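The structure under discussion appears below in the form of structure tokens.
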Ligand SMILES: [Zn+2]
């Protein structure tokens, strides 16, 4: 039974989908005014793991992640510059081009980290009409009001305000800066539509003013549009956005649809560096591309899944080097098993020494417990240790080897660790290698015997071009095919 820690109730709850066999999931995406940093990598890998484990468990997942390309103002405020426009002015490029180029950058990183593409990637600039319509309906239902060309959500009208982040409106009011903003009825009211000043680049016509949407409204509108105007299953995001962003999403959506926005809220924790939070606006963010270049995308992914998504993840040299080592350990093991399979004599003997029901249950138990990836990985490390031990006793059977490989393939559908796996072929056991390759290897063997080393080298290069490495052994040649595991 899958249990998910629900931020809405602050406890682990059994996961019950609204529609049997199906899951609707919405994740708040990045604001695309710069390259992704490690905090983004952590967040979106964590959500990818949740999605992939739901799929592993047999659910069909409709996964939505937005790209914020307008409306997110500097310091998450409601006045001042738009983050994307600020960058556009600095680089003297059209804001939409800025957004497009960083979306592309983001997608490159996601692909490198083996994050499965979303079902849809909505963008607010493509949703202006629907946002205006949504805001209009909130005004008609008396949850929002127009003031001097801007539109605000009336927090007083929504009695559940603060339920996700646990903030109480009276405490918020006491702590609120006394804003000199005559447009709002209550200092806690937040903007749905903002009247643009003349310097603003991205602005649209609306019934209230030429302006642009507030940051929060996009997620309510796009989730309603793509997951339906009713409760959906899972809402993901970074916990630093629980307030005000997610809280305001809840207020807008629930005011409109009259029921819960989402049943489960899964929020990832931050990445720490040198003892403090990593963030673009904090100026201490490590660029994701640079980290990938330094450690490799798969080691970064392994570093992320080696920690639970609700724990703070520390960015420093030691855990990343450890991830590199662990990755090597896993890939060496899988390659070793693969080689043993290709060299073994297949037999009808189906005896086994390793109990895979146990390993499957352990993996599932770990992941069912709020996606506990560090525990799930330890199940696999245990299998590695047990296998090597049994090998020294010569007890690993052909069936065990095949079971190890299929257990790994199945669990790695969730973990998503991409690495190179060598498939080996020998002269005796060339089953599976393309005939053309075998021929080239045999020709090379002949050239070598005739001491025509130039020709032999030539043929080795040809094999390499086709993705095969050739090794000479006492029993003749051995071919190693390098294939990407996905
Ligand atoms: Zn959002």
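Quick notes on this one:
- Qualifying residue in the stretch 262-269 (condition: away from the ligand (no atom under 16 Å from the Cβ) and in contact with a helix residue (DSSP H, G or I) (Cβ under 7 Å, 6 or more places away or on another chain)): yes
- Residue 105 fulfils the conditions (1) in contact (Cβ under 8 Å) with a residue 60 or more places away in the chain; (2) within 28 Å of residue 257 (Cα to Cα); (3) more than 16 Å from the ligand (Cβ to nearest atom) except for a single criterion, (2).
- Condition met for residue 192 (at pLDDT 95 or above, under 30 Å from the mean Cα position of the chain (by Cα), under 30 Å from residue 277 (Cβ atoms) and assigned to a loop (DSSP other than H, G, I, E, B)): no
- Qualifying residue in the stretch 280-296 (condition: under 23 Å from residue 191 (Cβ atoms), in contact with a strand residue (DSSP E or B) (Cβ under 9 Å, 6 or more places away or on another chain) and away from the ligand (no atom under 16 Å from the Cβ)): yes
- Checking each residue in the stretch 243-252 for being modelled with pLDDT of 95 or more and more than 10 Å from the ligand (Cβ to nearest atom) picks out 247, 250, 251, 252.
- Here residue 59 meets each of (1) within 16 Å of the ligand (Cβ to nearest atom); (2) within 30 Å of residue 21 (Cα to Cα) with one exception, condition (1).
- Here residue 309 clears all of (1) modelled with pLDDT of 95 or more; (2) surrounded by fewer than 18 Cβ atoms within 10 Å (Cβ to Cβ); (3) in contact with a strand residue (DSSP E or B) (Cβ under 7 Å, 6 or more places away or on another chain) except the condition numbered (2).
- All positions within the stretch 404-420 that are in a helix (DSSP H, G or I) and buried (at least 18 other Cβ atoms within 10 Å of the Cβ): 404, 407, 408, 411, 412, 414, 415
- Flag if residue 5 is part of a strand (DSSP E or B), within 16 Å of the ligand (Cβ to nearest atom), touching a strand residue (DSSP E or B) at 6+ places or on another chain (Cβ under 6 Å) and closer than 19 Å to residue 231 by Cβ: no
- Residue check, residue 407 farther than 15 Å from residue 306 by Cα and either under 20 Å from the mean Cα position of the chain (by Cα) or modelled with pLDDT of 95 or more (or both): yes
- Unique match (being touching a strand residue (DSSP E or B) at 6+ places or on another chain (Cβ under 6 Å), at pLDDT 95 or above, within 16 Å of the ligand (Cβ to nearest atom) and within 24 Å of residue 98 (Cα to Cα)) among 234, 217: 217
- 2 or more residues in contact with a helix residue (DSSP H, G or I) (Cβ under 9 Å, 6 or more places away or on another chain) and within 24 Å of residue 236 (Cα to Cα): qualifying helices (runs of 4 or more DSSP H) within the stretch 280-365: 288-295, 297-305
- Filtering the stretch 368-400 to residues that are in contact with a helix residue (DSSP H, G or I) (Cβ under 9 Å, 6 or more places away or on another chain) and on the phi > 0 side of the Ramachandran plot leaves only 371.
- When 163, 157 are checked against the criterion of being under 34 Å from the mean Cα position of the chain (by Cα) and under 12 Å from residue 251 (Cα atoms), 163 stands alone in meeting it.
- Number of the exception - residue 208 against (1) touching a strand residue (DSSP E or B) at 6+ places or on another chain (Cβ under 6 Å); (2) within 16 Å of the ligand (Cβ to nearest atom): (2)
- Filtering the stretch 219-230 for residues that are over 20 Å from residue 31 (Cβ atoms), without any contact (Cβ under 8 Å) to a residue 40 or more places away in the chain and buried (at least 20 other Cβ atoms within 10 Å of the Cβ) leaves an empty set.
- One residue stands out among those in the stretch 20-40 that are in contact (Cβ under 8 Å) with a residue 12 or more places away in the chain and under 24 Å from residue 57 (Cα atoms): the one that is surrounded by the most Cβ atoms within 10 Å (Cβ to Cβ), which is 26.
The values are calculated or read from the model by the stated rules, or taken from the named source; none is laboratory data. A quick note: this is a predicted structure, and the numbers were derived from the prediction, not measured. Neighbour counts are summed over all protein chains in view; Cβ atoms, including those assigned to glycine, are modelled from backbone coordinates with ideal geometry.
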